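Enquirer: Dumping the structure here so I can ask a few things about it.
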Amino acid sequence: MIGERDHERQVKALIHQVSGIPIDRIGLNDSVIVTLGLDSVEMIDLLMQLETFGVTIPSVQIDAALTVSDIVERFVDGAGPERDHPTL
């Protein structure tokens, strides 16, 4: 079973993949939009990548307050055993 720490690594890897931000510069409390500076195209790409893991984020929650930790929590809640993928 994949642990929360593994989900954290996966989320950070996905953010790195869509934005080019080094993984070691992505903090759990960073705002995806304000602190990390993802633009609308990068956000759409990230949301599409998350959906491949069975993770969806309602559009009303996609704002300046959305943090990496929020995405990790959704990842833990949204990726059931039938949707687990290998660690990135």
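The values are calculated or read from the model by the stated rules, or taken from the named source; none is laboratory data. This structure is a prediction, so every number in the text was calculated from the model and none was measured. Using ideal geometry, Cβ is built from the backbone for each residue, glycine included, and neighbour counts are taken over all protein chains shown.
Enquirer: Among the candidates I21, I26, single out the residue that is closer than 10 Å to V68 by Cβ and of a type outside the set (S, T, Y).
Expert: Going through I21, I26 in turn, just one is closer than 10 Å to V68 by Cβ and of a type outside the set (S, T, Y): I26.
Enquirer: Please tell me if V18 is among the β-branched types (V, I, T) and outside any loop (DSSP other than H, G, I, E, B).
Expert: Taking the combined requirement at face value, the residue satisfies it.
Enquirer: Now a separate question. If the requirement is being in a helix (DSSP H, G or I), at pLDDT below 95 and of a type in the set (D, E), which of these qualifies: E73, E42?
Expert: E73
Enquirer: Return the residues of the stretch 4-20 that are buried (at least 18 other Cβ atoms within 10 Å of the Cβ) and more than 11 Å from the chain's Cα centre (by Cα); say none if nothing qualifies.
Expert: Residue satisfying the conditions is S19 alone.
Enquirer: Follow-up question, since we're still on this one. Conditions: (1) closer than 21 Å to D77 by Cβ; (2) without any contact (Cβ under 8 Å) to a residue 24 or more places away in the chain; (3) hydrophobic (A, V, I, L, M, F, W, C). I26 meets all but one. Number of the miss?
Expert: (2)
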